[in-house]
1. Going by average Cβ neighbours within 10 Å, how do the peptides 98-111, 8-21, 121-134, 81-94 rank, with the highest at the top?
2. Which lysines does Lys59 reach when only Cα atoms under 20 Å apart count, and residues fewer than 8 places away in its own chain are ignored?
3. From the phi of every residue in region 133-139, what ³J(HN,Hα) in whole Hz does the Karplus formula 6.51 cos²θ - 1.76 cosθ + 1.60 yield, where θ is phi - 60° and glycine or proline is x?
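No value in this document is a laboratory result; all are computed from the given coordinates. Keep in mind the model is a prediction, meaning the values are calculated, not measured. Here the Cβ positions follow ideal geometry from the backbone for every residue, glycine too, while neighbour counts run over all protein chains shown.
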Amino acid sequence: MFQHSRISPAALVGVAFAHAALLGLLLLAPDTTEPITPPRPLMVSLIEPEVEEPQPQPKRQPKLQPPKPVVKPLPPPPILEGTVRLNILVNPDGSVAQLEVAKSSGYPRLDRSAIETVQSSWKFEPARQGGMPVAAWVIVPIQFTLRS
């Protein structure tokens, strides 16, 4: 039934050594699978900056004519909408470090009231960088409305 085949001892040792080497590599191979962590959401508050309309550039007159006197237009009256914009430096603990009026409401009394209220009783959620709370500036509009 079975025929005797002659396998050289050197070939047998070579095959056994190759199998042992592969088994050793499989056992010593480092485990490279790392747990997959989902990305963390990033919370951002977007503040739209006020865009001022560019002033038209006056056209230059030829040098032969004397220049016309420049009449400056009157500044527009302040918009009395009752909104104060405050620049606030928020500490890493959420408290107010520094506060300044970025845009007045037109009424000093309303501006003072907004400043006093924010300094005395407001707490903020601090900005985060790398998961750690950090100090950051924020612009906060405060709108006053009249009730009858």
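1. Working: 98-111: 14.4, 8-21: 9.6, 121-134: 11.6, 81-94: 16.2.
Packing order, densest peptide first, comes out as 81-94, 98-111, 121-134, 8-21.
2. Lys68, Lys72
3. So the Karplus estimates, Gly and Pro as x, are x, 9, 6, 7, 8, 9, 9 Hz.
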